[in-house]
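First the structure, in the form of structure tokens, and then the observations on it.
The values are calculated or read from the model by the stated rules, or taken from the named source; none is laboratory data. Keep in mind it's a predicted model, so treat the numbers as computed, not measured. Every residue, glycine among them, receives a Cβ derived from its backbone with ideal geometry; neighbour counts consider all protein chains shown. Heavy atoms of the whole protein, side chains included, go into the accessibility calculation; ligands, DNA and RNA do not. Shrake-Rupley method; radii C 1.70, N 1.55, O 1.52, S 1.80 Å.
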Amino acid sequence: MLEPVLTEKSLDQAKKGNYTFWVDRNLTKTQIKKLISDVFSVTVKRVRTIKVAGRIKRAFSGRKRTIQPRKKAIVILANKDKIDLFESKK
């Protein structure tokens with residue numbers, strides 16, 4: 001699983017070369033580095049990971065919804081590489 005995080009903050013960080021992805025919880029940093037470099041054919045300089053805990057969220061109607069725990073990876077690229085997925089139109 002490799003899903004880009006397209007929020008205002010992550011798009012702002014992408015301009016600086018820090019790209020954010022939701023990844024599988026069981027992947028290690030080296031596996032994430034290899035996955036990103038294979039999929040986007042870029043050179044990965046550094047990978048930082050954050051574990052996001054799951055929680056129970058209550059809707060307005062009173063229903064409970066479970067948010068599954070996930071893992072976020074922030075990837076820093078080398079040599080001014082870019083990922084076109086995060087480019088914003090002017």
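Here are a few things to note about the model shown:
- Where strands (runs of 3 or more DSSP E) fall wholly inside region 18-90, the ranges with 1 or more residues that are in contact (Cβ under 8 Å) with a residue 40 or more places away in the chain are 18-23, 70-77.
- Counted residues, region 32-90 - those being basic (Lys, Arg) and open to solvent by less than 100 Å² (accessible area, probe 1.4 Å): 6
- Residues satisfying the stated conditions in region 1-14, i.e. under 16 Å from ILE76 (Cβ atoms) and either in contact (Cβ under 8 Å) with a residue 24 or more places away in the chain or in contact with a Cys (Cβ under 9 Å, 6 or more places away or on another chain) (or both): PRO4, VAL5, SER10, LEU11, GLN13, ALA14
- Tallying residues that are surrounded by 13 or more Cβ atoms within 10 Å (Cβ to Cβ) and closer than 14 Å to ILE76 by Cα within region 15-31 yields 6.
- The residues of region 18-55 that are touching an Asp or Glu at 6+ places or on another chain (Cβ under 6 Å) and under 14 Å from PRO4 (Cα atoms) amount to a single one, TRP22.
- Complete set of residues in region 59-79 that are over 21 Å from LYS29 (Cα atoms) and either at pLDDT below 85 or among the charged types (D, E, K, R) (or both): ARG63, LYS64, ARG65
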